[in-house]
1. Tell me the volume per residue, in Å³, of the convex hull enclosing the alpha carbons of the stretch A:244-358.
2. Given the Cα atoms of the protein assembly as shown, and with Rh set as the inverse mean 1/r over their pairs in the Kirkwood sense, what is Rg to Rh to two decimals?
3. Normalised by the residues of the stretch C:322-477, what does the relative contact order come to in percent, with Cα pairs under 8 Å and at least six apart?
4. Given a Förster distance of 51 Å, report the FRET efficiency between B:LEU164 and C:ALA444 from their Cβ-Cβ distance, rounded to the nearest 0.05.
5. For the stretch C:276-344, state which chymotrypsin sites (Phe, Trp or Tyr not before Pro) are in a DSSP loop and have at most 16 other beta carbons lying within 10 Å of their beta carbon.
6. Assuming R0 = 56 Å, can you tell me the calculated FRET efficiency for the pair C:ASP386 and C:ARG507, based on Cβ-Cβ distance, to the nearest 0.05?
7. Using 0.36 nm per residue, how much length does the chain from A:THR133 to A:ASN197 gain when fully extended, once their Cα-Cα distance is taken away?
8. Using only atoms on other chains, find how many Cβ atoms lie within 10 Å of each Cβ of peptide B:91-98 and report the average.
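Derivation of every value follows stated rules applied to the coordinates shown; laboratory data play no part. In this text the structure is predicted, and so the values were computed from the model without any measurement. Cβ placement follows ideal geometry from the backbone for every residue including glycine, while neighbour counts extend to all protein chains displayed.
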Amino acid sequence: MFRQTLCGLLLVAASGAQAADTVKIALTGPFSGGSAPMGTSARDGSKLAIAEINAAGGIQVGSKKMKIEVIERDDEAKNERGALIAQELAAMSDLSGVIGTVNTGVCLAGDKHLQEKGITKIICPAAGSASMTQWSKAGVKDNSIFRFAAYDGIQAAMVVEEAINRKFTKVAVVFDSTNYGVSGRDDMLEQIKKQGNKLEVVAQEKFNIGDKDMTAQLLRAKSAGAQAILIWAIGPELAAVSNGEAKIGMKAPLIGGWTLSMSNYIDNAGKNGNGTLMPQTFIEEAITPKAKSFIDGYHKAYKVDRIPSAVAAAQGYDALYILAAAVKQAGSTDTKKIKEALEDLKEPVKGVIATWSHPYTKWDPADVTTHEAFRREQVVMGMVKDGRVVFGNDADRARLIKSATTVTPAKTSKTKKK
Amino acid sequence: MNAQIIGQMAVSGALMGLVYALIAYGFQLTFATSKSINFGQGELVMISAFFSLTLTNLGFPYWAMVPGGLLFGALMGLVVERAGVRLALEQKSEGWILLSIIIGLFFFSAAENIWGRDDRPFPTPISADPIHILGVDVTRLELSVAVGVFAIMGLIELFKRRTLLGKAFEAVSADRDAAELMGISSTRTVMLSYGLSGSVAALAGILVSPITTVGPTMASALILKAFSVAVVAGLDSGFGVVLVGMFLGALESLASFYLGSGWREAPGLILLILALALRPNGVFGKATIRKV
Amino acid sequence: MKRILLLRGAELVVFAFLATIPLLVVNPYALGLLTLLAIYGILLIGLDVTVGYLGQVNLAHVAFLGLGAYAAGLVVTKLGLGMVPALLAATLVGLVLGGLLALPALRLEGPQFALATLSFAALSTTALNELEALTGGAQGLSLSRPPILGHALTPPLFYWLCMVLLAVVWMLMRNLLASQWGRAFEALRDSPIATDAMGVGTYKHKVAAFALGSSLGGLAGGLYAFNFQYLQPQSFTYDLMIILLLGVVLGGRKSLWGAFVGATVIVLLPNLLSNRLLFQIFSGLGFAGALAAGVQGLVKKTTRPFQALAPVVAMGLLVVGGLFVENTEDWRKAIFALMLFSVVVGLPEGIMGFLALFLAKLFRVPHAPLPEPADLDTLLPVRPADGSALLVLDDLKRYFGGVKAVDGLTMTVRAGTIHGLIGPNGSGKSTVVNVISGLYTPTAGTMQLRGVPLPIGSLYSVAQAGVARTFQNLQLFGELTALENVLVALKGVYRNPLPMVLLGLARREERAAQAQALALLELIGLREQALVKAKDLTYGAQRFLEIARALARKPDLLILDEPAAGLAHPDVLQQIEFIQRIHQRGITIILIEHHMDVVSELCDTVTVLDGGRIIAEGTPDEVKRHPKVVEAYLGQPPQPELPGGAEPLPA
């Protein structure tokens, strides 16, 4: 009796409610706790896309239209939960794909279960380099894990480039003690070396999640003569850095990862945030009709007047459309066929960030970019100005408007090697 | 330069330490009457801050928002007492530890869903611009924390000494059974202490939010520090928490400056274990003679 | 015997069932959950040693999980060794660091202990995070599962490994906790003072308990590392610790089954709650259960209204909320909290505590029969009362600040006598006892037992020297049975080394000890109540039990601190009879007493104290007529028989 019940429970837990004729897509990420603004924004972006697709009758799969069924899992930014969720998803026989994950550690702990079973996953919006390089390091021949985020390599290169362009010579590298922060530091230091050691790192400062008093770190940077702060961190602690600068009368601008565009930084730093620079894939500004409809749709659907993390939301939205396109092209809900289709998408996908043409190619362990959708040209430098993120330079703005309306040139895996 | 840096670090650390002290004081209030503390006190700080933010957004002026927030904090403190602590105390079990944690977890989840998961700024009429005092930069906001902390602690101590209700409070703290025999309801006094403790938590939230922002996780780091301060100072010394709080805050700042920010907490933690090993009842706590 | 068979049978069935699951269900997710269940089972059994048996809120356990995990991970990645050395290293790290942490934490109780352990946990996270060269810091440590004895560990094999280890830990801990060691842990929780005074070193046992629990944490950490194959310092923080504590208490403290059930709840529930259908099933069942239990409790008046209603309200909130809330995943933590709330309020003894009562009612299994009492003459051979000086106090002083509680006491207690120590309240009697027994250090003066200086300031050493005492304010081990109370103190029976105990090879010794303890209980008329918990005995019986427990030390000198305090008259008469029986065996007794009739009835010599000094000494009759004694007791000098009599002495 007990045995039957337990088996029953485990089976129900493993398979979920059965519903035929739907495309099952799992959305995962931290929906509670400190990383939740990113996790929920990405999820809600994806759900917005799903609502649009379902309202139009669903995805054309072979001969019939199938609606998308969502499975949501909150990984709480905990590796352990992430690993269990991945095991759970890997055990589902009829899952078409997974989109999600913010924390690099969760990718490292969980994605191997999905990869072993060949389940297609698009990592979005986690950007820590290790989440993809683990596959090239392991020399995996066939990889079902894709990423849809401006990976740290691109971002760090842009940050360092920007600092050099602005004629800074002495910088402080500041980062939080998470995996994201520490790997961001490594990327930036590597880029500084790569771009000819034009920047002298006069201080390396770390802080913990939840720290709100950055006086010590900033005073050390200041007394070492830092002209700019290259920063890599998640969340509202970034605002504490800007506010701390104001307090001790320090004027070094912040240049860092895309998280500097999140509303919890911009709002909490207030006027102290002006001039902060960060690479952006999406800016909450209705520059194209597509962007306008997305922003308005999000505000309306989730009853907010600003997106907690516009970048994550836009990436979640576009990632879902790309996955949907792969389902359509594969003509099947089989995750392995979807993976094949994803590696060779024939039709461009019109997204809110850009129009995606052939975003992924066949996996090559020697080249992580085969499974990376973002290229340097899709990322622009954003700048905080009076509580909004605006384009750091107008040329980028014009270029983006163009790329959103025209098709970006198809890329080949050979030429994109870095 | 060096002396100035040390001064700067010590002052800004000590001012943060006052917030630890205030939350620690909330622990002391309930410990005095019931020998229990609310392990979900951080969540009380957080939801009271969110509630005060809502009041501000509804257009209440600062002077009306503060009492509103304090009242809400007191109410939530009473909820914790009624739902989590009273039964356990009646049964003389340690269940209050878990129940107060569980209620805190519920508050956390509720706040995430009601107010959102994002950190938000907390508007305040007090300026955040720095002023220079003796070569040290201090913001008016930070000074307001000090004023608020001393004001509420002073008021509560005055209340305990000067009013009849306050004396009942002291009587129950000193000897619960004897107070019961004198006709003082210890249940009501415990309720009172949880209410006061809730208000103190709310004030801590209101004072610290403009500096640290409001969000569901805002108090999780604060609360562990406050707990340390309360125990190291001694769970019966209101004077002690202020000193220990400021000392710990300053120590953390200086450690983070001299040892590197990653090791910020280490000296405090080591000192803490040593202090406890040497003075188990806290540095300012009363030593008890073991009687059998 | 039937009881043992039933218990072992239940263990066998459950373990056999868990072991066959991978053969029945080929679902990697289910297997993943079960593997974690086994790991958490080990972890929580370890935590239960400190939380349940020692009764302390231990917040460092999660640190041992983390340190063990890293130790195993580093042994594999840096040293290139296999799984067995890795797991050994993990266990060892827990054992050693646990022992080290126990040293400063030893003196602490309650919130202070919690904080010391919390600080240790925070320190170890900081260290793991900052020692980047070794641990990889925040970027984590990736490792692979090395083969064991040449076999690659597939998920089912690894699961079986975890299960085997859980079974081994289970067996060892069962033997240990049922032995003298387990009883000592529990005695420590109920009264550390009495534990010391019974010659059971609190120091040794506290360190042992903590190190043992922590080593299990380390072992679980090693398995954790090989299960997830990726480690990050921030996995092992306060959040997880709270969940672990909840697990132990939910499952039921002081119970291997409780730890296992707790592990099941904290591993399965949060993961299963993600499934909406399962959530609705759980909340519906929970509501029905809470309602049934609540109504029953209210009708029978066995529970308080709050205890009956709160779970119903909480579960009702879940059922109703479940209908309105669109996205239950967003509310998962609140749902978890409400469910835990209902269980903690409704079942204060935990799930296993409740089930154990329920099952006991269902099966009515009698306790294993006790052995026949041992022969009292071999246990407490009659000693000759030669009247030689046994205890000599010379100018003993103990001051508290300015208060001279004992001020120059010189007294000789002769072997084989009952020596009364009387005096009005505050005269210093209890302080004398506390100084002799080692609770207080004397301010000045010497004490000799049979001409050898008595150890000072250590209850434990004094107890080892052959002095046993009772306590005026009872210091029984409330959660232990009367029999176990005596067993804890029993001297000279337990000789088997720890490994034998762990392997369950010390049964014969245990039977012998039980026989001796029963003989002592019979001496004071408690044989029939041997299996009743001390806290459930009548007040009189508790007083008697204190004496039996002290006798278990087979002492040269027995100090009875107001043994008749608060007793009803019939009990006092019985008490007198018991003390005479003990006296007949030639044991020297110091009797502190208020009741003059008890003193007159029993004592050979009486010393009267007032204001910390001796005011009279002699036979009971002499003392009773002594003018100073009358004055001290009645508060005024006796009527002068002659005009111009003695000056009243200062009080």
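1. 130 Å³
2. Details: Rg = 35.1 Å, Rh = 34.4 Å.
Ratio of gyration radius to Kirkwood radius: 1.02.
3. Details: 163 pairs, mean separation 26.1, N = 156.
Relative CO of the stretch C:322-477 lands at 17 percent.
4. Details: r = 47 Å, r/R0 = 0.93.
So the FRET efficiency works out to roughly 0.60.
5. Numbers: sites: C:PHE279, C:PHE282, C:PHE287, C:PHE306, C:PHE324, C:TRP331, C:PHE336, C:PHE341; in loops: none.
Qualifying residues, ordered by number: none.
6. Values: r = 40 Å, r/R0 = 0.72.
Once the sixth-power term is evaluated, E becomes 0.90.
7. Details: separation 64, 0.36 × 64 = 23.04 nm, distance 2.47 nm.
The span from A:THR133 to A:ASN197 would gain 20.6 nm if fully extended.
8. Details: counts 3, 0, 4, 7, 4, 0, 7, 12.
For this peptide, the per-residue mean of nearby foreign Cβ atoms is 5.
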